[in-house]
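The structure appears right after this line, and notes come after that.
The values are calculated or read from the model by the stated rules, or taken from the named source; none is laboratory data. If you're wondering where the values come from, they're calculated on a predicted model, not measured in any experiment. Every residue, glycine as well, gets a Cβ built from its backbone with ideal geometry; the counts of neighbours run over all protein chains shown.
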């Protein structure tokens with residue numbers, strides 16, 4: 001059995017294939033980002049999934065593409081966990097950028113591939129190899145244009161009284177904005193980046209409001225400036241996107257791309273379908 005996994009900070013999509021590439025099952029767990037989770041939490045999330053627990057002895061190959069897997073230390077950390085949980089499996093752990101690439105770009109074709117979900121990232125793919133000019137330092141310092149980036153912006157503007165009053169009242173009705181609650185989630189609970197990203201839903205639902213339009217536009221422009229424009233071929237090759245923020249704010253993202261003379265390519269909400277096709281072709 002082959003397991004293919006696309007793991008973001010919020011959730012992980014798992015698809016199992018047999019040796020002929022036929023799909024056996026599809027399931028989900030919570031996100032398995034090694035940067036923000038302990039071994040115990042990751043093990044619990046695996047064990048609490050019925051399909052994975054039932055088939056753990058049958059897995060012979062695991063292809064894991066995950067947020068927070070950009071360093072050798074994080075890859076080794078996850079491989080050790082998978083070795084214990086899937087004892088017969090050979091694990092291949094790569095950062096989630098590879099999932100974005102394989103699901104949007106054919107081998108041999110050039111593109112810039114961006115992730116805009118709970119977090120954000122950007123890479124150049126020359127048709128065979130991945131190139132990144134900026135090493136991500138995580139949600140506190142980076143992740144421009146992402147769900148947690150926008151969530152952080154909304155909370156800050158609410159507390160600094162920079163959010164328009166009509167929107168501020170609506171925001172307070174939909175979320176528990178008590179300072180102690182926010183600090184509990186940010187500083188004591190796991191996955192603070194995921195918590196921040198939950199507030200982005202409010203921005204998406206109210207994207208026609210002038211304030212939200214401005215926040216979205218500035219956030220995407222900042223992503224273009226800091227991530228995409230670092231590459232000399234930025235305006236020469238297709239720019240592909242994966243992630244829920246890119247999907248739900250497709251029109252706004254298109255506007256920013258056109259303003260910057262970018263060639264907008266594929267936008268996928270979830271890369272898992274494209275990943276399956278890629279691995280089926282390579283069996």
- Message: Looking only at residues that are loosely packed, with under 14 Cβ neighbours inside 10 Å and in contact (Cβ under 8 Å) with a residue 24 or more places away in the chain in the range 15-24, which one is nearest to the chain's Cα centre (by Cα)?
- Response: 23
- Just name the residue that is farthest from residue 142 (Cα to Cα) out of those in the range 167-194 that are in contact (Cβ under 8 Å) with a residue 40 or more places away in the chain and assigned to a helix (DSSP H, G or I). 167
- Message: Can you confirm whether residue 150 is over 28 Å from residue 47 (Cβ atoms) and crowded, with 20+ Cβ neighbours inside 10 Å?
- Response: yes
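Condition check: buried (at least 18 other Cβ atoms within 10 Å of the Cβ), over 16 Å from residue 112 (Cα atoms), at pLDDT 95 or above and over 24 Å from the mean Cα position of the chain (by Cα). Does residue 203 satisfy that?
On the way: buried (at least 18 other Cβ atoms within 10 Å of the Cβ): yes; over 16 Å from residue 112 (Cα atoms): yes; at pLDDT 95 or above: yes; over 24 Å from the mean Cα position of the chain (by Cα): no.
In short, no.
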- Checklist (1) in contact with a strand residue (DSSP E or B) (Cβ under 9 Å, 6 or more places away or on another chain); (2) in contact (Cβ under 8 Å) with a residue 12 or more places away in the chain applied to residue 88, failing item: (1)
- Quick check: anything in the range 70-82 closer than 18 Å to residue 268 by Cβ, modelled with pLDDT under 95 and touching a strand residue (DSSP E or B) at 6+ places or on another chain (Cβ under 8 Å)? no
- Positions within the range 248-277 being at pLDDT 95 or above, touching a helix residue (DSSP H, G or I) at 6+ places or on another chain (Cβ under 9 Å) and in a helix (DSSP H, G or I), in sequence order: 248, 252, 253, 255, 256, 257, 259
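Here's the yes/no breakdown for (1) over 18 Å from the mean Cα position of the chain (by Cα); (2) under 30 Å from residue 111 (Cα atoms):
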site: 164; (1), (2): yes, no
site: 169; (1), (2): yes, no
site: 189; (1), (2): yes, no
site: 215; (1), (2): yes, yes
site: 228; (1), (2): no, yes
site: 244; (1), (2): no, yes
- Item | Residue that is modelled with the lowest pLDDT [pool: residues in the range 122-154 that are over 14 Å from residue 218 (Cα atoms) and touching a strand residue (DSSP E or B) at 6+ places or on another chain (Cβ under 7 Å)] | 136
- Query: Say we look at the range 211-247 and pick out the residues that are in contact with a strand residue (DSSP E or B) (Cβ under 7 Å, 6 or more places away or on another chain), assigned to a helix (DSSP H, G or I) and touching a residue at least 60 places away in the same chain (Cβ under 8 Å); which of these is surrounded by the fewest Cβ atoms within 10 Å (Cβ to Cβ)?
  - Reply: 228
- residue 34 vs. criteria touching a residue at least 24 places away in the same chain (Cβ under 8 Å), buried (at least 17 other Cβ atoms within 10 Å of the Cβ) and assigned to a loop (DSSP other than H, G, I, E, B): yes
- Message: If I ask for residues that are within 28 Å of residue 241 (Cα to Cα) and part of a strand (DSSP E or B), which ones from the range 63-111 would you list?
- Response: 63, 64, 65, 66, 91, 92, 93, 94, 95, 111
